[in-house]
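Contents: one structure, followed by commentary.
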Amino acid sequence: MPLSVSLANPDFDADMDFARTLVADGVQVFKVKTGFSGHAFDIHRLETLRSEFGDTIDLRIDYNQGMVGHEALRRLRDIEAFAPDFIEQPVPADHWDTMAQLRAAIDTPLLADESVFSPADALRAVKSRIADLFSIKVMKSGGMRRGQMVSAIAEAAGIACYGGDMFETGLAHLAGLHMVAATPNISLGCEFYQANYYLAEDLLAERFPVENGTVVVPSQPGLGIDVDEARLAEFAMEARG
């Protein structure tokens, strides 16, 4: 399945160097984190990405709830000029009416992340028409099975889903990967990139399986890759009540 990698470095030159490395590795899907350094900076980043890579990459936008409602529509219309696949969670999670209004007003699909944790959230989101797409995360949903329950509700409403994560190690990536692979409605790719591109050391005995910008599902039993027991012991912490 396609790997989606987030670009979120306030150092723009460093972010572009990272993007070039990713493209050389075969990554073609970028989720640009927006709203943390101003609208003009966001537009500049998107202009530069499109100028350098053109339509060879897919852009996705994630505001992480960072927009103010009265500014959102005008700014999202600016963002639409760059033809993103979707715009994720522009306003705070509990601003359901604003999400529904934005969804109705823009042409780009709106993706709900923080607004949808549980199956109950998913049902409410469907009824309130707040989004065209949902992000599903093992940790956010409370497990693989509950993530699949959210996807089933979305599928019944014609809402496709995206395999998100919460800045995890390769071990958690594997759980998410198997959930996504076993759930056809989670069809928009996944963002299991931290183990390979951010962590100095992972807990897996082998590298998390990414080949040419695509995440590969392991065929071995269990999660598919063994844990490095020595490294796990090194990083383990004693829990005290």
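The values are calculated or read from the model by the stated rules, or taken from the named source; none is laboratory data. None of the values given here were measured: they were computed from a predicted structure. Neighbour counts run over all protein chains shown; Cβ positions are idealised from the backbone, glycine included.
Residues to consider are Asp13, Asp42; find the one that is more than 25 Å from Val215 (Cα to Cα) and surrounded by 16 or more Cβ atoms within 10 Å (Cβ to Cβ). So the residue among Asp13, Asp42 that is more than 25 Å from Val215 (Cα to Cα) and surrounded by 16 or more Cβ atoms within 10 Å (Cβ to Cβ) is Asp42.
Considering (1) under 21 Å from the mean Cα position of the chain (by Cα); (2) at pLDDT 95 or above, say which one Glu52 fails and leave the rest. For Glu52, the exception is condition (1).
Every condition in (1) touching a Phe, Trp or Tyr at 6+ places or on another chain (Cβ under 9 Å); (2) free of Cβ contacts under 8 Å to residues at least 60 places away in the same chain is met by Gly163 except one, and the failing one is (2). In the stretch 134-158, how many are in contact with a strand residue (DSSP E or B) (Cβ under 6 Å, 6 or more places away or on another chain) and either surrounded by fewer than 18 Cβ atoms within 10 Å (Cβ to Cβ) or without any contact (Cβ under 8 Å) to a residue 40 or more places away in the chain (or both)? Within the stretch 134-158, residues that are in contact with a strand residue (DSSP E or B) (Cβ under 6 Å, 6 or more places away or on another chain) and either surrounded by fewer than 18 Cβ atoms within 10 Å (Cβ to Cβ) or without any contact (Cβ under 8 Å) to a residue 40 or more places away in the chain (or both) number 5. Being of a type in the set (A, V, I, L, M) and touching an Asp or Glu at 6+ places or on another chain (Cβ under 6 Å) is a property that Ala120 lacks.
Let's see how each residue does on (1) of a type in the set (Phe, Trp, Tyr); (2) closer than 25 Å to Leu7 by Cβ:
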| site | (1), (2) |
| --- | --- |
| Tyr63 | yes, yes |
| Arg75 | no, yes |
| Ile106 | no, yes |
| Arg124 | no, no |
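Of all the residues in the stretch 17-36, those that are more than 24 Å from Val210 (Cβ to Cβ) and either more than 20 Å from the chain's Cα centre (by Cα) or surrounded by 15 or more Cβ atoms within 10 Å (Cβ to Cβ) (or both) number 2.
The sole residue among Val216, Val210 that is free of Cβ contacts under 8 Å to residues at least 12 places away in the same chain and not acidic (Asp, Glu) is Val216.
Of the strands (runs of 3 or more DSSP E) lying entirely inside the stretch 1-114, those carrying at least 1 residues that are in contact with an Asp or Glu (Cβ under 6 Å, 6 or more places away or on another chain) and of a type in the set (D, E, K, R) are 29-33, 58-62. Looking across the stretch 152-202, the residues that are assigned to a loop (DSSP other than H, G, I, E, B) and in contact with a Cys (Cβ under 9 Å, 6 or more places away or on another chain) come down to Gly164, Asp165, Thr183, Asn185. Gln220 meets all of the listed conditions (1) assigned to a loop (DSSP other than H, G, I, E, B); (2) closer than 15 Å to Phe134 by Cα; (3) polar (S, T, N, Q) but one, namely (2). On inspection, Glu80 qualifies as surrounded by fewer than 20 Cβ atoms within 10 Å (Cβ to Cβ) and either of a type outside the set (Phe, Trp, Tyr) or closer than 19 Å to Ala157 by Cα (or both).
If the condition is being loosely packed, with under 15 Cβ neighbours inside 10 Å and closer than 17 Å to Leu7 by Cβ, then the stretch 179-208 contributes only Tyr198. Scanning the stretch 202-241 for residues that are among the aliphatic types (A, V, I, L, M) and within 17 Å of His178 (Cα to Cα) yields Leu204, Val210, Val215, Val216, Val217, Leu223, Ile225, Val227.
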